[in-house]
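This report refers to the structure that appears directly beneath it.
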Amino acid sequence: MKTSNKILFITGLAIVVILLTSVIGSRIFLNKFADLHKNGNTNYSNIENKYKDIIDFTSLDIEGEWNVSINYGKTYNISITGRTGIEDPYNIEKKGSALFLTENTLADINRKLTINITMPEIKKLYSKGGLKLDLTGFSEPELILNFTGGTWVSGNNCQFENLLLTSAGAINLEFEDIKTVNVDAQLSGAGNLIFNMDGGILSGIAAGAMNIEYYGNADQTIVAAGLASISHRD
């Protein structure tokens, strides 16, 4: 065989080997990727063990894109539901009396997860980023909510004597199943808010494209600016 033919043969053989290696590697990667993203929940029991000793917090500080469900309970618990393709896509830690939830660099992954938190008392919640929040079962003399960015909040079976709400950005708040005596709302941006008032004062400032509706009885003193509107629902 001529030298030139040998070179061509060896070169062709090398290309075939490279192609076969690439195909096999791609198949392995795709199989792993499919396993990580198949339907159903991912088992986070090992990760959740890191959080089992986090107790004695009364407030939350959340940054980034999160789905959070907070439920009343006599003991503390943190669990995770959903699915993701990476092992630990969140950072949860306690500092003082606050539980901090900080977004992983892969922000879009967190939207596929729900962090379920059980706690006996909640006093404050701060959020910066995008938050979907659900509150269930609390009865508190005062709750402070401070949101920056896009926020969707719902809840049920709660009672708050005083609700201090600050929101800058877009907000959708559905509190028709939460009894509040007094509400002070400092709002700027756009959104829809529903309150269930129990005979107190609905006060504050609403600036921007805010639509506020309330059930029940209240002395309504909110100052509306821009395209903001306030109405009572029977």
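Bear in mind that the values in this text are calculations on the coordinates, not laboratory data. Bear in mind the structure is a predicted one, so any value in this text is a computation, not a measurement. Positions of Cβ are generated from backbone atoms using ideal geometry, with glycine treated the same way; all protein chains shown enter the neighbour counts.
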Pairs Lys95/Lys179; Lys74/Lys128; Lys95/Lys123; Lys94/Lys179; Lys95/Lys124: which exceed 23 Å Cα-Cα?
Lys95/Lys179; Lys74/Lys128; Lys94/Lys179
Restricting to aspartates and glutamates and to Cα separations under 16 Å from Lys52, and discarding same-chain partners fewer than 8 apart, the set is Asp88, Glu93
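For a protection proxy built on the mean count of beta-carbon atoms within 10 angstrom, sort 154-163, 218-227, 184-193 highest first, please. List each step's numbers first, then the result.
Numbers: 154-163: 17.9, 218-227: 14.3, 184-193: 19.5.
Result, highest mean first: 184-193, 154-163, 218-227.
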Dimensionless Rg ratio for the stretch 45-232, taking C-alpha atoms and the 2.2 N^0.38 Å reference
1.04
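Relative contact order (percent) for the stretch 45-232, with alpha-carbon contacts under 8 angstrom and 6 or more residues of separation?
Working: 548 pairs, mean separation 28.1, N = 188.
Reported relative contact order: 15 percent.
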